[in-house]
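One structure is given below, encoded as structure tokens.
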Amino acid sequence: MANPLNNHWSMVKHILSYLSGTTTFGLRLSHASLNQDLSIRAYSDSDWANDPDDKRSISGTCIFVGLNHISWSSKKHSLVARSSAKAEYRALAHTTTELLWLQSLLAELKVKCSSPTLPCDNLSVGIIAVKMG
């Protein structure tokens, strides 16, 4: 930051050029009824050892409150998973922590919510989660 080089400036120009072309993009947010509980839905997925260099997995999460997509993340795992089940379980655990934080926040704000749903498409992870829970 203190001594940028020419390649840094070219990257900044590239980013600004990209952003100027996306000014019409956005997220649509819809109103919720005041007397009905909000539903919280979350989705997570992980690829197993997809990076050819270090074989670490990448997981992604998205969370909806009602019809509104309010949170999303993507993260490269810090450790190499030995199976797809372990990679998926890590993604599910990360999503669960996000859901717990969101539930705590909404409870503090006195917003009525139903129990969150987090579907899992991996049978092994479902069995592990049930046994751990």
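The values are calculated or read from the model by the stated rules, or taken from the named source; none is laboratory data. As the structure is a computational prediction, the values presented were derived from the model and not from experiment. In this analysis, Cβ positions are derived from the backbone assuming ideal geometry, glycine residues included, and neighbour counts consider all displayed protein chains. Surface accessibility is based on the protein's heavy atoms, side chains included, excluding ligands, DNA and RNA. Shrake-Rupley method; radii C 1.70, N 1.55, O 1.52, S 1.80 Å.
Structural remarks
- Annotation: per residue accessible area for the stretch 1-112 equals 76 Å², rounded to a whole number [probe 1.4 Å, protein chains only].
- For residue 118, the shell of other residues with beta-carbons less than 13 Å away shows a net charge of -3, using +1 for Lys and Arg and -1 for Asp and Glu.
- Overall, the accessible surface of the stretch 1-47 at a probe of 1.4 angstrom is composed of carbon and sulfur to the extent of 60 percent.
- Partner lysines for residue 55 [C-alpha distance under 26 Å; skip if fewer than 8 residues away on the same chain]: 75, 76, 86
- Computed over the stretch 35-113: relative contact order in percent, which uses C-alpha pairs under 8 Å that are six or more apart: 31 percent
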